[in-house]
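The structure appears below as C-alpha cells.
The values are calculated or read from the model by the stated rules, or taken from the named source; none is laboratory data. Note that this is a predicted model, so its numbers are computed, not measured. Neighbour counts run over all protein chains shown; Cβ positions are idealised from the backbone, glycine included.
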Amino acid sequence: MYRLFNTHNVRKTIELSALWDFEAADANYKGKITVPSCWECIPELVRYKGKAVYTKNAEFGGTVRFVFKGVSHTADVYLDGKHIKHHYNAYTPFSVDVTVEEGVHELKVEVDNAYYPESTLHKDNDYYTYGGIIRPMFIEKLDKAVVDYIHFTPYTEGGSWKAKVDVKIKNTTAKEQTVQLDLLLGKDCFLSKTVALPANEAVVLSEICGFDGVLPYSPKSPKLYEITAQLYADGQLIDDLIDRVGFREIKCEGKKVLLNGEPLKLVGFNRHEDYNMLGSSVPLQAIMRDIALMKQSGANAVRTCHYPNDETFLDVCDELGLMVWEEEHARGLKYEQMSRPEFIPQSLDCIDEMITEHHNHPSIFCWGILNECESQSEHGRSCYQQLYDRIAELDPSRPKTSASNKYFKDICFDLEEIVSINIYPGWYATNDHFTPTGYLEALKEHAANNGGLNKPMIISEVGAGGIYGYHTESMCKWSEERQAEVLDMQLTAILNDEDIMGVFVWQFADCRVDEELFASRPGCKNNKGVVDEYRRKKLAFAVTQKHFLPLTK
Ligand code: ADA
C-alpha cells in the first residue's frame, strides 16, 4: 500500500508487478528494472544521465487512470504507441485518463534525467537528480464519475470547529449526469448533496461545514480523522476517495507562528530524499528510520529541502506530529534559469501539483518557494510575487516563506508571512558573525527595515561539514569534532534569540551531489549531515540532542 491508509474501498486499482522491461540505449544497457526505483541502483547506471525507456504489457479496459507519484525528472507516457502525457519535474504526481477496449495493452514511459537549458528546475546542483520512475505507479479503474480530490481547510469560529470543504468531481463520460455526493468524517455523514455534472467536465463543490466534539491536532497529540467522499449514481455507490485530516489552524501573530493559538518553537532538520544506494526512491522503512532518528534528536520539525516530498513521508509526519515546511522545487536558481520562458510555467505546475495533492496534511505548517534564488533583483521579485500569488490562491490557510541567502540585498521580505534566512557562521564565514552585535542582529535589523518588521523569523539553514569517521587532533574543518563545535556555537546563539521561532539544521543526512560541485564536496556528497548517508551518527548528532531535547521533550 502506498499511503498509510486505504484511499479507496470502491475504486479498483490494478496492481502492476514491479519488474518492467528497461533500456538505457545511450548506456548500452538493456534488462529489467523495478518500479519504483532509481536506475542508479543498477551498477552499470550509477552515473547515468540521459534517457531510458520503461515498457510493460498489462491487461485492462474501459476508462482507466494512470497515476504516477513521481518520475525523475521528465516523463513521456505512451499507450499502445500513442503519446498520452508529458510531465516535467521529479517530485510531484501526475495522472492521465484514457478509455480503451478490454485487452492487453503496452504502456511505455520515456524518462530523462539529463540537464538542458529548458529544464529550469533540475540542473547541476548541491543534490542529485536521480533517474527513473522513482515513486509508485498505479492504474485505477474509473466509473462514469470520480472524486478527484477533497480539500479540507479547518478553522475555528466562535469557539467551535468549522471547515471549508472543496470536492472536485469529474464526469468521465460524454453525457451530462447527476450524482449524489456524501461526505463522511470517520463513519458520520456530515454532508449529502446532489451534483449536476456537465459532459466530460469536472466541477468543484465548496461547502462550509461545522464539526462538534472533534479533538484538535497538535505535534504532541496528532489526532487524525479519515474523511471520505462517496459518489452515488442511480442509487449505486460508484466511486470513493478517502483522505486524512487534522483539526488545527495556523496563524501568524507578530513574531510568532500559532498552532491552535499556541506559539510554535520549531527545531529540526533539512532533509533531502536521498538514502544511500536507494537514491531518491525511499521506502517506508527507510522513511521511518529517518523520522525515528530525528525524533530521537528532539526535533519537532522538518523542511522538505528543496522540493515536494513523497506522500508516504508526509503521512508519517502527520501521524507522529513532526511539523513540515514543504516547498516547491527550486535551489539556487539564477537569472539564467529564472529568465527562461519555461521557468514560471514549470514552477507554477509544481506548486499546483504540490498543493492539490498535499493540501490536507495537518503536519504541513507553511509553503516555501525559491530557496536562495534571485530575491535581490526586480526580475527575481516579480517571480517571487507570481509564485506567492499562486500559493495564496490555492491555499490561503498557511503562511508562505522562502529561505534567503541574499542577506542585506534581499528585496522580498515584504512578500512573505515568515522571514527565513540561511546562515553558516563559523563554516562559510568567520565566527565574528555571531558576536552580540554580529550577523544575526544585523540580519534581523535589515529584515525589519525591508518588509520583515514584526514577522516570525526562522533560521532555515545553519550547519557545518563533517566527514563520518574523520577525527583529527587539529579539529580541522571536515572533521566530525569541528562540525560539532561549529554547530554547537550556531545553535547556542540562535536558540538564545527570542526573535527566532524556528531553526532547521543543514542537514539531517549526507546526500549525493552533482560532480560540478566536486571541489567543495568531498566524495561528491554534501557532508553537512548529522548522520552520514547510511544514517551512522556523527558527533554533531549529540549536539542537536543537547539543544533540541530540553525544548521539546
Ligand atoms: C545552501 C543551500 C543548501 C546547501 C547548503 C550548503 O544554503 O540552500 O541546499 O547547498 O547551502 O551545504 O552549503
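Given the structure, is LEU314 of a type outside the set (Val, Ile, Thr), surrounded by fewer than 22 Cβ atoms within 10 Å (Cβ to Cβ) and touching a residue at least 12 places away in the same chain (Cβ under 8 Å)?
Spelling it out, it is not the case that LEU314 is of a type outside the set (Val, Ile, Thr), surrounded by fewer than 22 Cβ atoms within 10 Å (Cβ to Cβ) and touching a residue at least 12 places away in the same chain (Cβ under 8 Å).
Looking at the range 397-426, which of its residues are within 14 Å of the ligand (Cβ to nearest atom), among the aromatic types (Phe, Trp, Tyr) and either at pLDDT 95 or above or within 15 Å of GLU445 (Cα to Cα) (or both)?
Correct list: TYR407 only.
When you scan the range 305-342, how many residues do you find that are within 22 Å of MET137 (Cα to Cα), outside any loop (DSSP other than H, G, I, E, B) and aromatic (Phe, Trp, Tyr)?
Selection size over the range 305-342: 1.
Just checking, which of ALA202, ALA174, ALA233, ALA196 is over 21 Å from ILE355 (Cβ atoms), touching a Lys or Arg at 6+ places or on another chain (Cβ under 7 Å) and among the hydrophobic types (A, V, I, L, M, F, W, C)?
ALA233
Please indicate, with yes or no, whether at least one residue in the range 381-396 is outside the structural domain of PHE94 (by TED's automatic domain parsing), in contact with a strand residue (DSSP E or B) (Cβ under 6 Å, 6 or more places away or on another chain) and assigned to a loop (DSSP other than H, G, I, E, B).
No: the range 381-396 contains no residue that is outside the structural domain of PHE94 (by TED's automatic domain parsing), in contact with a strand residue (DSSP E or B) (Cβ under 6 Å, 6 or more places away or on another chain) and assigned to a loop (DSSP other than H, G, I, E, B).
Which of the residues that make up the range 510-553 are more than 16 Å from the ligand (Cβ to nearest atom) and assigned to a loop (DSSP other than H, G, I, E, B)?
Within the range 510-553, TYR534, ARG535, ARG536, LYS553 meet the criteria.
Suppose we keep only residues that are in contact with a helix residue (DSSP H, G or I) (Cβ under 8 Å, 6 or more places away or on another chain) and in a loop (DSSP other than H, G, I, E, B) within the range 488-509. Which one would you say is nearest to ARG289 (Cα to Cα)?
The residue in question is PHE508.
Report, by residue number, each residue of the range 335-358 that is touching a residue at least 60 places away in the same chain (Cβ under 8 Å) and in contact with a Lys or Arg (Cβ under 7 Å, 6 or more places away or on another chain).
Answer for the range 335-358, where residues must be touching a residue at least 60 places away in the same chain (Cβ under 8 Å) and in contact with a Lys or Arg (Cβ under 7 Å, 6 or more places away or on another chain): just GLN337.
Restricted to the range 462-476, and to residues that are surrounded by fewer than 22 Cβ atoms within 10 Å (Cβ to Cβ) and closer than 20 Å to ASN270 by Cβ, which residue is farthest from the ligand (Cβ to nearest atom)?
Checked the range 462-476; the qualifying residue farthest from the ligand (Cβ to nearest atom) is TYR468.
Given the criterion under 30 Å from HIS73 (Cα atoms) and not hydrophobic (A, V, I, L, M, F, W, C), identify the matching residue among ASP239, ASP243.
Residue meeting the stated conditions: ASP243.
May I ask you to list the residues in the range 153-177 that are surrounded by 12 or more Cβ atoms within 10 Å (Cβ to Cβ) and under 21 Å from VAL64 (Cα atoms)?
VAL167, LYS168, ILE169, LYS170, ASN171, THR172, THR173, GLU176, GLN177
Identify, from the list THR99, THR120, THR129, the residue that is of a type in the set (S, T, N, Q) and within 16 Å of the ligand (Cβ to nearest atom).
THR129
Name every residue in the range 11-29 that is within 15 Å of VAL109 (Cα to Cα) and part of a strand (DSSP E or B), in order of residue number.
Within the range 11-29, LEU19, TRP20, ASP21, PHE22, GLU23, ALA24 qualify.
Any residue in the range 501-515 that is surrounded by fewer than 17 Cβ atoms within 10 Å (Cβ to Cβ), farther than 17 Å from GLN296 by Cα and at pLDDT 95 or above?
yes
How many of the residues making up the range 339-372 are touching an Asp or Glu at 6+ places or on another chain (Cβ under 6 Å) and within 16 Å of the ligand (Cβ to nearest atom)?
2
State yes or no: is MET288 modelled with pLDDT under 95 and either assigned to a loop (DSSP other than H, G, I, E, B) or surrounded by fewer than 21 Cβ atoms within 10 Å (Cβ to Cβ) (or both)?
no
Suppose we keep only residues that are in contact with a helix residue (DSSP H, G or I) (Cβ under 9 Å, 6 or more places away or on another chain) and away from the ligand (no atom under 16 Å from the Cβ) within the range 322-337. Which one would you say is modelled with the lowest pLDDT?
Residue satisfying both the conditions and the ranking: TYR335.
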